[in-house]
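A short worksheet on the structure shown next.
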Amino acid sequence: MDYNLLHQKFQNRKQYLIFNKEVVVDRLKKRYKAEEISKEEIMDLINDDQLVYEHIFCCLKVENPKVIDKIFTEEELKEFQWEINDNKKQTRKYKFKTEAEANYNQLLTDEMEGRRVNIVLESLDGEYVTSFLVRSQSEEITSYIYAHMGGAKFTVPQIKELTQNVRDITDQDFKDSYPRYLKCLEKYNLI
């Protein structure tokens, strides 16, 4: 991979690679047939240590079978099959106090078995996606989001400063993630 060439392409196009949060959400909805859901549906988000709960602005679910069939690597599919087989062996019976708890348990099972992907987007500044989670570990979706949020991360000074302050991110962290960002841009033909 010629990172110098990719860096030069990025430098020439960087003003076109800064996407606000609405554009990111819109592109995710179109590409993956994602649907918005309430962050309250993902009950454990309030305890998540990777995102600031108050700054989660959008949650999406991907569960269209045609899309699901295309977004996982062979390794990811093997992990899901292991979970499916393991869950079949278990004879657990759960008693839920509320319908919300039962729905949440089903959400977790669908994530574990690869029938559903939940995407959680955070914006610390209210304008750009500053961090995200892809629950079900789809490398396809993760790299797509990264390609669409990295422009702000690597070019907008206040975003870099804001994320460093909130997450104790060092300059080395940014240097380590920049080559990955360039690869994602190339993968999705953005440069």
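The values are calculated or read from the model by the stated rules, or taken from the named source; none is laboratory data. Worth saying up front: this structure is predicted, and the values here are computed from it rather than measured. Cβ coordinates were reconstructed from backbone atoms using ideal geometry, including for glycine residues, and neighbour counts include every protein chain displayed. Accessible surface areas use protein heavy atoms only, side chains included; no ligands, DNA or RNA. Shrake-Rupley method; radii C 1.70, N 1.55, O 1.52, S 1.80 Å.
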For the range 8-56, alpha-carbon Rg relative to the globular expectation (2.2 N^0.38 Å, N residues): 1.57
Nonlocal Lys pairs with alpha-carbon distance under 16 Å, the range 1-66 (8 or more apart, or different chains): 9
Measure off, as a whole percent, the carbon and sulfur share of the 1.4 Å-probe accessible area of the chain, all protein chains present. 47
State the Cα centre-to-centre distance between the range 91-155 and the range 55-82 in whole Å. 9
Between (1) 18.0, 58; (2) 27.3, 101; (3) 15.4, 45, which entry matches Rg and Dmax of the Cα atoms in Å as derived from the coordinates of this structure? (1)
How far apart, in nanometres, would the label points at Gln15 and Asp125 be if each is projected 7 angstrom from Cα along the Cα-to-Cβ direction? 1.7
Mind checking the per residue accessible area of the range 16-137 for me, 1.4 Å probe, whole number of Å²? 61
10 Å Cβ shell holding at most 13 others, DSSP loop, chymotrypsin sites (Phe, Trp or Tyr not before Pro): longest site-free stretch of the chain: 97-191
State to the nearest 20 debye the size of the charge dipole of the range 21-123 about its Cα centre, where the only charges are +1 on K and R beta carbons and -1 on D and E beta carbons. 480
Run the helix sum for the chain: -39,500 (n - 2.57) per DSSP H stretch of 4+ residues, divided by residue count, reported at 222 nm to the nearest 500 deg cm²/dmol. -17000 deg cm²/dmol
In nm, to one decimal, how far is the modelled label at Asp69 from the one at Asp176, with both set 7 Å along Cα→Cβ? 3.9
Ala102 and Asp86 label points (each 7 Å along its Cα→Cβ direction) are spaced in nm at 2.6
May I ask you to rank Met149, Met1, Met43 by accessible area, largest first, using a 1.4 Å probe over the protein chains only? Met1, Met43, Met149
Under the classification rounded if a/c is under 1.5, otherwise prolate if a/b is larger than b/c and oblate if not, where does the range 84-132 fall, given a ≥ b ≥ c as square roots of the Cα gyration tensor eigenvalues? oblate
Dipole magnitude of the chain about its Cα centre (Cβ charges: Lys, Arg +1; Asp, Glu -1), debye to nearest 20: 600
What does the accessible area of Asp69 come to, in Å² to the nearest 10, when a probe of 1.4 Å is used? 120
